[in-house]
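Q: Sharing a structure here in structure tokens format.
The values are calculated or read from the model by the stated rules, or taken from the named source; none is laboratory data. Given the structure is predicted, the values throughout are model-derived calculations rather than measurements. Glycine gets a Cβ as well: all are built from the backbone with ideal geometry, and neighbour counts include every protein chain shown.
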Amino acid sequence: MKQVEVQIPKIFSPLLTSSYRNKFFYGGRAGGKSYAFADCLLILGRQKKLFIACLREIQNSMKDSVYKLLCDRISFYGLDDYAVTDAKIENKITGTRFVFKGLRNQDSQKIKSLEGVDIAWIEEAQTITRKSWSILEPTIRKDGSEIWISMNREEENDPLWVLVAANPDERTLVVKVNYYDNPFCPEEIKLQAKKCKETSLADYNHIWLGEPLAQGDYKLINSELIQKARVAKISSSDSPLIIGLDIARAGSDRTVFCFRKGRYCFMLKEVRGFNTVQVADMATFFIKEYNPAKLFLDLGNSGAGVYDILIDRGYGRIVKGINFGGKAIMEDRYYNKRAEMWDSVNKWLQSELPVQIPDDDELAEELRSINRVKVAQDRLQLEDKEELKKRIGRSPDKADALALTFAEPVYDKGRVETYGSDYVCLEDLFRNATVKDNSW
Ligand SMILES: Nc1ncnc2c1ncn2[C@@H]1O[C@H](COP(=O)(O)OP(=O)(O)OP(=O)(O)O)[C@@H](O)[C@H]1O
Ligand SMILES: [Mg+2]
């Protein structure tokens, strides 16, 4: 086998030289965690036959995994003893093999295939849920097997932090590593870190030093409020029904309808792979069946097409297109419509009277994950959707659909009624005068 010289930053030497059940490395951006893990696994896999599982919470495709990094390192060192196929990496001499899996897609049956694993690498471990860990931990059961964990802490309560690193047992090694521990850290990255330190110390501590976000510091929505709303018991509401419709964007095929009546958000309907006509048909069905006061839909992506169809079908009074990037109603307070709508969800969750959302893990995760941007002067700005997507592995369609139900205030009659328009009858006008409830 070809001899190669591999340099691993000293701080990572326990990966090769000590045995621990859990090897937990955490810290900020560019600490060298991913590279060191990849290099060490490649070295170990050349020494003897190992079964290595590269795991993360969500893996929709191989490009989400560390597969590409391992391939790059193999070609960088010219390790021609490794054979790379579409979904696997194998060592032709020792028989070592790497597999790549998302834990969220595993059930207790599928995960059995991991029982012979020697080393499991959990990358981006801040996103691992308690449930995933509870399935994985007993599965990695071979004598001497190790779990390597790399994490950039997100919040104080990241499940794996709490379960593994916060109070480590004698079989767990916990090491903090930041960019200044990484001798290979590119100058450009160091400059970015320096700049960040000058602009916002809080950002620097989180992004570059790996400190968890303080609750309420960057997070828009407090996790406890979300939990409270999940378990609330409201069973009906007289408020007008509002439907929020978030339409599939390129690269995702998920369209979500969210149904809310005042304090009671009672249903999410998710469809996949629908084209604009099918989405419009479904919206038409819901309008007829549930008689909403308003249906707000996202005009981005193929939303404009759905909007046109619904207008053509005569639903102009109910359907309103919303542009997430457009102007907020309260422009002096919100950077754009998106920030305004999400903050409305936040305020709604904070209201004194209980509010209810569907008991849905994905919705809760999406609501919990959104961060505000600190530098946005006095107007609230949310982090870019792409950033959020990187963290949770999908776009927050369910939460966006809920946010859309707050696009504009809807009064009890659900529409502005101007005298003389075809839509208003005399009865409506009189009834209006007695309406007191303007909840939205
Ligand atoms: N062994 C190495 N050889 C060459 N460059 C390296 C090596 N290790 C790390 N680097 C450089 O340091 C950068 C950061 O390393 P890496 O991506 O492994 O850090 P990380 O801790 O995983 O950070 P992140 O939180 O951004 O995922 C890499 O992009 C690469 O430029
Ligand atoms: Mg990394």
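Q: Quick one: which of D118, D64, D81 is under 26 Å from E155 (Cβ atoms), surrounded by fewer than 21 Cβ atoms within 10 Å (Cβ to Cβ) and among the acidic types (D, E)?
A: After applying the criteria, what remains is D64.
Q: What single numbered condition from (1) buried (at least 22 other Cβ atoms within 10 Å of the Cβ); (2) in contact with a helix residue (DSSP H, G or I) (Cβ under 7 Å, 6 or more places away or on another chain) fails to hold for W161?
A: Only one criterion in (1) buried (at least 22 other Cβ atoms within 10 Å of the Cβ); (2) in contact with a helix residue (DSSP H, G or I) (Cβ under 7 Å, 6 or more places away or on another chain) is unmet by W161, namely (2).
Q: How many residues does region 116-132 hold that are more than 13 Å from ligand 1 (Cβ to nearest atom), assigned to a helix (DSSP H, G or I) and under 19 Å from V66 (Cα atoms)?
A: 1
Q: So how many residues does region 23-62 have that are among the aliphatic types (A, V, I, L, M) and within 14 Å of ligand 1 (Cβ to nearest atom)?
A: 6
Q: Could you list all residues from region 29-60 that are basic (K, R) and under 16 Å from Q106 (Cβ atoms)?
A: Hit for region 29-60 is R56, nothing else.
Q: Kindly provide the set of residues from region 164-184 that are farther than 14 Å from K33 by Cα, surrounded by fewer than 21 Cβ atoms within 10 Å (Cβ to Cβ) and aliphatic (A, V, I, L, M), ordered by number.
A: Scanning region 164-184 gives A166, L173.
Q: All but one of (1) in contact with a Leu (Cβ under 9 Å, 6 or more places away or on another chain); (2) at pLDDT 95 or above hold for D308, so report the exception by its number.
A: Of everything listed in (1) in contact with a Leu (Cβ under 9 Å, 6 or more places away or on another chain); (2) at pLDDT 95 or above, D308 misses just condition (1).
Q: State all residues of region 187-210 that are touching a residue at least 60 places away in the same chain (Cβ under 8 Å) and either in contact with a Phe, Trp or Tyr (Cβ under 9 Å, 6 or more places away or on another chain) or not in a helix (DSSP H, G or I) (or both); if no residue qualifies, say none.
A: Residues satisfying the conditions are I189, A193, S200, A202, D203, H206, W208, L209, G210.
Q: Then there's this: Go through the residues of region 166-177 one by one and say whether even a single one is within 16 Å of ligand 1 (Cβ to nearest atom), touching a residue at least 60 places away in the same chain (Cβ under 8 Å) and part of a loop (DSSP other than H, G, I, E, B).
A: Scanning region 166-177, I find at least one residue that is within 16 Å of ligand 1 (Cβ to nearest atom), touching a residue at least 60 places away in the same chain (Cβ under 8 Å) and part of a loop (DSSP other than H, G, I, E, B), so the answer is yes.
Q: Looking only at region 38-56, decide whether some residue is assigned to a strand (DSSP E or B), within 13 Å of ligand 2 (Cβ to nearest atom) and touching a residue at least 24 places away in the same chain (Cβ under 8 Å).
A: yes
Q: Still on this structure, I have one more. Examine region 106-113 for a residue that is in the same structural domain as F25 (by TED's automatic domain parsing), part of a loop (DSSP other than H, G, I, E, B), within 16 Å of ligand 1 (Cβ to nearest atom) and buried (at least 18 other Cβ atoms within 10 Å of the Cβ), and state whether such a residue exists.
A: Scanning region 106-113, I find no residue that is in the same structural domain as F25 (by TED's automatic domain parsing), part of a loop (DSSP other than H, G, I, E, B), within 16 Å of ligand 1 (Cβ to nearest atom) and buried (at least 18 other Cβ atoms within 10 Å of the Cβ), so the answer is no.
Q: Which numbered condition trips up K176, out of (1) within 16 Å of ligand 2 (Cβ to nearest atom); (2) over 26 Å from the mean Cα position of the chain (by Cα); (3) of a type outside the set (G, A, S); (4) within 20 Å of Y26 (Cβ to Cβ)?
A: (2)
Q: Do any helices (runs of 4 or more DSSP H) lying entirely in region 346-440 carry at least 3 residues that are modelled with pLDDT of 80 or more and assigned by TED's automatic domain parsing to the domain that holds G326, and which ones are they?
A: 361-369, 385-392, 397-404
Q: Okay, moving on. Cβ-Cβ under 7 Å, sequence separation 6+ or interchain: first residue in region 295-313 and farther than 15 Å from L404 by Cβ and without any contact (Cβ under 8 Å) to a residue 12 or more places away in the chain, partner among the hydrophobic types (A, V, I, L, M, F, W, C) and in a helix (DSSP H, G or I). Which pairs?
A: none
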